[in-house]
Amino acid sequence: MVDIEIEIDGNVVHGHSGESIISIADREGIDIPRFCYHKKLSVAANCRMCLVDVEGNPKPQPACSTPASAGMRVHTNNEKAKASQKAVMEFLLINHPLDCPICDQGGECELQDVAMEYGSDVSKFNEGKRIVADKGIGALIQTDMTRCIHCTRCVRFGAEVAGIVEMGATGRGEELKIEPFLSEGIQSELSGNMIDVCPVGALTSKPFRYEVRSWQMSSVQSVARHDLVGSNVFTQTHKGKVKRVVARDNESVNETWISDRDRFSYEGLANENRALTPKIKVKGEWQEVSWETALEAAISGIKKNSAEAFGALASKNATLEELYLLQKLTRELGSENLDTRLDVANPSSASALETTISLTGLEAVDHALIINSYLRLEQPMINHRIRKATLQGAKVSTVNAKAFDFNYRVASSVLSAPQNTVVTLSGVLKVLLESNSQALPDYLKGTKVNQAQIDIANALSAAENGVVVLGEQVSSNPCADQVAKLVEQIAKASNAKTLNASATGNTLSAEKVSFKPNGGLNAKQMFDADLNAFVLLDVYPAFDCVDSAAAIENLSRDDAFVVALNSFEDASVLSFADVILPLASFYETSGTHINIENVAQSYSASVKAAGDSKPGWKVLKVLADLLELPGFDYTDSSQVADDALSLSPSLAATEVDIIAMEVPNIATVWQYTPYASDVLTRHSQSLQQTQIGQVSEATVSEATAKILELSQGDCYKGVPVNINETVAEGCVFVHTNQARQR
Amino acid sequence: MISEQAKQQIDTWVAKYPAGYQSSAVMEALKIVQAENDGSLTSELIQAVADYLEMPVISAHEVATFYENYNHKPVGKHVIRFCHNISCMLNGADDLISYLETKTGVKTGEVSEDGLVSVKKVECLGACVGAPMFQIGDQYYENLTPQKIDEILDGLQ
Amino acid sequence: MNEVCFKNIDKENPSSLATYEATGGYSVWRKILHGELSPEAILGELKTSGLRGRGGAGFPTGLKWSFMPRNQDGQKYVVCNSDEGEPGTCKDRDILRFNPHSVIEGMAIAGYVMGATVGYNYIRGEFMEPYYRFEEALKEAYDAGLLGGDIGDSEVNFDLHTHLGAGAYICGEETALLESLEGKKGQPRFKPPFPANVGLYGMPTTINNTESFASVPDILARGGQWFADLGVPNSGGCKLFSVTGHVTKPANFEIPMGTPFSELLKMAGGLREGRTLKAVIPGGSSTPVLPADDAMKMTMDYDSIEQVGSMLGAGSVIVMDDTTCMVAALTRLAHFYYDESCGQCTPCREGTGWMYRVLKRIMDGQGKIQDLDLLMSVQDKIMGNTICALGDAAAMPVESFIRHFRHEFEYYIKHGKSMVENDG
Ligand SMILES: Cc1cc2nc3c(=O)[nH]c(=O)nc-3n(C[C@H](O)[C@H](O)[C@H](O)COP(=O)(O)O)c2cc1C
Ligand code: SF4
Ligand code: FES
């Protein structure tokens, strides 16, 4: 790329040869009106709003599609440019309904903004406006296609970014219509971005519909904490309520996109199941009480028991501050019984695997091996970066229990039940080591390899910039630690980077503050050990615990005293808890999220906590004070964050023995829909109404079904069985929005 | 949904384009499938064509709604496509279209009760030296007069 | 007359390979196959011939061919534009029907010159008879060993296929045509990049009109200078003119460039008994209309027609006599562009419908005198602001009809009816 100088409106500016005029102008802060151009999408040049005068050209040129060349002289607002821009504006408005007073886009509409500047007051058009009957595209996006200006940003977004060719421009001429083929809804985990890219009110947020005018809201910078990325968002609030969440640009984190989960989960905040008042259980009956009373009850219950009998369990989505304070409280009490890994078959787990690649680094990989993950739904923004790499030619291979619907082509895939993943990966490692002429460790000596393993190994070693991604489904695997170890070895042998996405949410904050037992009991052991006092931080065992029935049974023991800090009321928690302390939910508390790059992103509360609920860090601080524990004299959550961030957890290397042996039993791989991944999303109605959110299916192969004596349509752990061959032998893949059942 | 014979026909078109660009054949594929389904397309047929050519169905739908020669409503066994553009108009096309409408009892855009003919006004068919003209099936009929129209109509079955 | 594309039109079986070869057909191609003609020599002759694109824009063909990155690796394509859909134009249909081999040979030569081994002829979907004739000719050419891979051990490769349209005028625009060939909607691409760099399937591609290709073999067989001399300076050769409308013998005529319009009118049998000439559209519906006096002054070449205020376009001469209602004629053309706009870009999508509706309202007796200024302003706002030239094509008739025949429009608006009594 050669650097060039051009002149825009008399100013000498710099660009690269071939760069579009609009991109140079944008960088220089020179305003050129546009509708179809979007910096993250391909150029369409169809709206014609950006026409400018380029000296030497008889016709005005679109700034978005005209490459700059050295010495070019551009006028963005001389008479010729203005005349063209005004002409286009007039054309755009003749068939636009101009129903701004009832349009949700009003006040933040690109058309409205530009019209103010370029439109003429009186329309000379008197011929009757076009009205478009629209098909509707699902629970999240409201369509009012009469307002559409045919810029095709949404179509391009779908095809280019989301990787779904579902929207199209059908018909022709004046009949051109932006619509999907069927009205079943846009099937994408990123669909809500279409709302952001739409310059007018044709695509707006359905849950937000008619809630409040855009200019009446305040925007607060925040961070979404549903996944490992911590996408930057604005929460838009009105009268103390979050009314909408939109993307906030941060090129190195989420670019300009956010996942639907991050965008629509806020809806859960207003759900009627919110825990709003402190409660204590008196003789089996719940009583609403004051905070003082509830806290008294909590500490007296805790104090009654010895430190060894005390355990703390926390949600992976808790804030850094909450996690820090709860671990501190627990440790000050003298207990090491701490855990967030409630959903893993074996909490010694995969957390030791380090992430060695950055988000932007993912875009540059030429090969990605994805293990135990439906990455697209688990980590939409990480998957998006890998998709971008595939658009540049990167290949993807997978080792998964099921063939998932990725939004890019998977070059080679191995179906592997969790218990066989160690064997599968051992084979891959063996090929890699042998091709490097490296000595084989003992555990690989007897390993047999098949073609699929060879293919994956070869692809990895051929890659210059490979990455191995380990996903959430590894948690179903009792040998998760071995899998993690093998991933590390494979990466080492192939010079690839690693990405540990085995646990989601704010897991890296839990790691940061060592919210795990150092010599104490892990989640599973706590339940086995029949502890006498628990503090649960936004934990809902019916969903969150791998063996939810056992957990609930244990917590329900008469001699188990349970203090539940909950943002939502949940039937099973009500059944076993003794004290409910209502907790501020997402966006209601200040906090910090540590993302996959180990970047700590702090945010303040967007709104006041609902009802009588309080931010977790305050509740925990007061609890500690009442327990007369030292070191809790915080007055601000940022002081907590400072303390937490100054910790440097010791990464004690644990020895892992790898036993590469095929295990004959049948495993269950449990995967929640992305909209059942945490308590807030589970309470967001629109997310639940999407097709992605409504999946509930236990897929099993014919052979495995026979062994389990399952037939099509039966229930497996409460989920309808679907028999087909997309799934590995020896496992049942449960993809569901339902609580776990035995 | 698509007959074996139609698939073979489609395949001969697919063979003209480079490997991986089989969707270049979508326009003909839609025509072939339309022809074996009484001259019009349904969503199911469009889906079937898209599946056969391994292309996104919305793209096939875009094509099916962009071009004139696809019908999305039932049409007559014979579609009379009458040119009403400038050269034909200068040579009396409008009067002849009225004549045709009266004669067949079918208004433009409609199908006769027996399903035999439908009449459509179309833009220039590129036979202006033979104006006025219309097209039925593959055939152009030029230098039309009322008498000629009578004869042509009598020949339709 | 009938020297090049139409030279066999009166022979028996004009479209057959035998007829074509009997008059020297494929002699140039055989020379190439024998290694006796270099690409540079061909380009030189073409430039000398003064052949300008016959699809409407009149871009010099030799120059266009020289833009192709001949020695660049990878697939390149030549594409023939037989989409012929401009109202008044019907010459390519006859070339396909009566001289298909000239198109095949022209395309093959183009492929050789530009290093393209595959060609497509995009024929409009309604042209079934021409399509069958062209396919027959293709088969003959393949059977005779004139096409294919390593033709006659010459190491020259050229495969040619037809593609059929499905009803869309816009596919005549070359980039829309490429989209359509790729199995998409025919929506023009913005330029740059130009097809010579990024064309069919993203590869370098040259698109020419049927008549342009059909002219090439004779130019090379008889020399560029011979062709140039047929015409006048800046308008080399002879060209097909489709004369339609109010003439007694409408037909296609292949005549030397520079022939006076009056002579062409005579060839077409002149006007009907007792009628006088009112207006002429000289180059197809998208070129400006000329009042009779201006038309009678022109000779049929690029410069002369431009001097009187219009364009040679595709050589589609639409003759209108004094029985023509100009309001009705314009309304019909406006409807055409409204109907055929691809809808992609704002000015054309919104503007063509607006103009048509205003004209329709005038035709319905609901016109207002301000409507004429409104129409002028709308056409002006489309002009030059669109992705492809369909926008301009839609604007030009409106501008020229109203400019030249404003009184007729005013009369219509005032009286709610045409000032021409017996239209038709
Ligand atoms: C709206 C529109 C329609 C056109 N239709 C045709 C057509 O039917 N046939 C054609 O040869 N060129 C047509 N053209 C011109 C082509 O874009 C292109 O310039 C031409 O095919 C180039 O060939 P030539 O250089 O041999 O003329 C059309 C252009 C426009 C803007
Ligand atoms: S000018 Fe008309 S036909 Fe051309 S691209 Fe624009 S909308 Fe399509
Ligand atoms: S922004 Fe350039 S044409 Fe739309």
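The values are calculated or read from the model by the stated rules, or taken from the named source; none is laboratory data. In this text, all values refer to a predicted model and were calculated from it rather than measured experimentally. Every residue, glycine as well, gets a Cβ built from its backbone with ideal geometry; the counts of neighbours run over all protein chains shown. Only protein heavy atoms, including side chains, enter the accessible area calculation; ligands, DNA and RNA are left aside. Shrake-Rupley method; radii C 1.70, N 1.55, O 1.52, S 1.80 Å.
Taking every residue in C:240-246 and counting other chain Cβ atoms within 10 Å of its Cβ, the average works out to 4. Each of the peptides C:31-44, B:15-28, C:206-219, A:216-229 was scored by the mean count of other Cβ atoms within 10 Å over its residues; in descending order, highest first, they stand as C:206-219, A:216-229, B:15-28, C:31-44.
The Kirkwood radius of segment A:575-720, taken over pairs of alpha-carbon atoms, gives through the Stokes-Einstein law at 10 °C and 1.306 mPa s a diffusion coefficient of 77 µm² s⁻¹. Over segment A:476-530, one equal point on each Cα, no solvent: what is log10 I(q)/I(0) by the Debye formula at q = 0.16, 0.20, 0.21, 0.26 Å⁻¹? Results for segment A:476-530 at q = 0.16, 0.20, 0.21, 0.26 Å⁻¹ read -0.70, -0.98, -1.03, -1.14.
Using a Förster radius of 56 Å, what is the FRET efficiency between A:K39 and C:T117 based on their Cβ-Cβ separation? Nearest 0.05, please. With a Förster radius of 56 Å, E is 0.90. Spacing of the modelled spin labels on A:K86 and C:K368, each 7 Å from Cα toward Cβ, amounts to 2.0 nm.
Normalising the Debye intensity of chain C to I(0), with uniform scatterers on Cα atoms only, and taking log10 at q = 0.12, 0.13 Å⁻¹ returns -0.96, -1.10.
Extension gain for C:E273 to C:D159 (0.36 nm times residue separation, less C-alpha to C-alpha distance): 35.9 nm.
Per residue of peptide B:67-73, the mean number of Cβ atoms on other chains within 10 Å of the residue Cβ is 4.
Separation of segment C:212-282 from segment A:410-424 is 73 Å, based on Cα centroids. Report summary: the helix-based calculation at 222 nm, which adds -39500 (n - 2.57) for every DSSP H run with n ≥ 4 and divides by the residues of the protein assembly as shown, gives -10000 deg cm²/dmol. Could you tell me which of rounded, prolate or oblate describes segment B:56-157, using a ≥ b ≥ c as the square roots of the eigenvalues of the alpha-carbon gyration tensor, with rounded for a/c under 1.5 and, failing that, prolate when a/b is larger than b/c and oblate otherwise? Oblate, because a/c is 1.5 or more while a/b does not exceed b/c. For the peptide C:162-175, the mean number of other protein chain Cβ atoms found within 10 angstrom of a residue's Cβ is 4. What share of all Cα pairs of segment A:263-392, in percent, falls into each consecutive 10 Å distance bin? That works out to 9, 23, 30, 21, 13, 5, 0, in percent per bin.
Could you state the number of Å between the C-alpha centres of segment B:81-157 and segment B:1-46? Centre-to-centre (Cα) distance: 28 Å.
Taking the C-alpha atoms only, the angle from helix C:326-340 to the longest principal axis of chain C is near 50 degrees. Full extension of the chain segment joining A:S219 with A:E175 gains 12.1 nm, where the gain is 0.36 nm per residue of separation less the Cα-Cα distance. Average accessible surface for segment A:660-742: 44 Å² per residue, computed with a 1.4 Å probe over protein heavy atoms with every protein chain in place. Between A:V468 and A:L369, A:K497, A:T498, A:L499, the built amide H atoms are under 5 Å apart, and every one of these is 5 or more places off in sequence or on another chain. Note that segment B:88-143 presents 41 Å² accessible area per residue, ligands and nucleic acids not counted, probe 1.4 Å. Between the Cα long axis of helix A:451-462 and the first principal axis of chain A there is an angle of about 60°, rounded to the nearest 10. Taken across both chains, chains A and C shield about 2700 Å² of accessible surface from a 1.4 Å probe.
Modelled label positions at C:Q307 and B:M1, each set 7 Å beyond Cα in the direction of Cβ, lie 6.2 nm from each other.
Could you work out how far helix C:370-382 tilts from the main Cα principal axis of chain C, as a 0 to 90 degree angle to the nearest 10? Once rounded, the angle reads 20 degrees. The calculated FRET efficiency for A:V12 paired with A:D657, based on their beta-carbon distance and R0 = 56 Å, is about 0.25. Highest-first packing order for the peptide set A:155-161, B:80-86 is B:80-86, A:155-161, based on the mean count of other beta carbon atoms within 10 Å.
Shape class of segment C:1-115 from the Cα gyration tensor (axes a ≥ b ≥ c, square roots of the eigenvalues): oblate, since a/c reaches 1.5 or more and a/b does not exceed b/c. Judged by the mean number of other Cβ atoms found within 10 Å, the most tightly packed of the peptides C:362-374, A:233-245 leads the ranking A:233-245, C:362-374. The charge dipole of the protein assembly as shown, taken about its Cα centre with unit charges on the Cβ atoms of Lys, Arg (+1), Asp and Glu (-1) only, comes to about 1140 debye. The Cβ shell under 14 Å around A:S696 holds other residues with a net charge of +1, Lys and Arg each +1, Asp and Glu each -1.
Need one word for the protein assembly as shown: rounded, prolate or oblate. Basis is the Cα gyration tensor (sqrt eigenvalues a ≥ b ≥ c); a/c below 1.5 gives rounded, then a/b vs b/c decides. Since a/c reaches 1.5 and a/b is larger than b/c, the shape of the protein assembly as shown is classed as prolate. Report the calculated FRET efficiency for B:Q139 and B:S98 (r = Cβ-Cβ distance, R0 = 22 Å), to the nearest 0.05. Computed FRET efficiency for B:Q139 and B:S98 comes out at 0.45.
With each label modelled as a point 7 angstrom along the Cα→C-beta vector, the C:L63-C:S38 pair spans 2.4 nm. Between the residues A:A551, A:V2, A:L710, the greatest Cα displacement towards the positive end of the dipole of the protein assembly as shown, with unit charges on the Cβ of Lys, Arg, Asp and Glu, is found for A:V2.
Evaluated with a Cβ-only charge set (Lys, Arg +1; Asp, Glu -1), chain A carries a dipole of roughly 1040 debye about its Cα centre, given to the nearest 20.
On segment C:275-424, 48 percent of the accessible area sits on carbon and sulfur atoms, based on a 1.4 Å probe.
Of interest is the spacing of the C-alpha centroids, which for segment C:347-421 and segment C:126-171 amounts to 42 Å. With θ taken as phi - 60° and the Karplus curve 6.51 cos²θ - 1.76 cosθ + 1.60 applied, the whole-hertz 3J(HN,Hα) list for segment A:61-72 is 10, x, 5, 6, 10, 9, x, 6, 9, 3, x, 4 Hz, x standing for glycine and proline.
Between A:L647 and A:S604, full extension at 0.36 nm per residue minus the direct alpha carbon distance yields a gain of 13.3 nm.
The residues of segment A:285-370 present an accessible area of 34 Å² per residue when probed at 1.4 Å with all protein chains retained.
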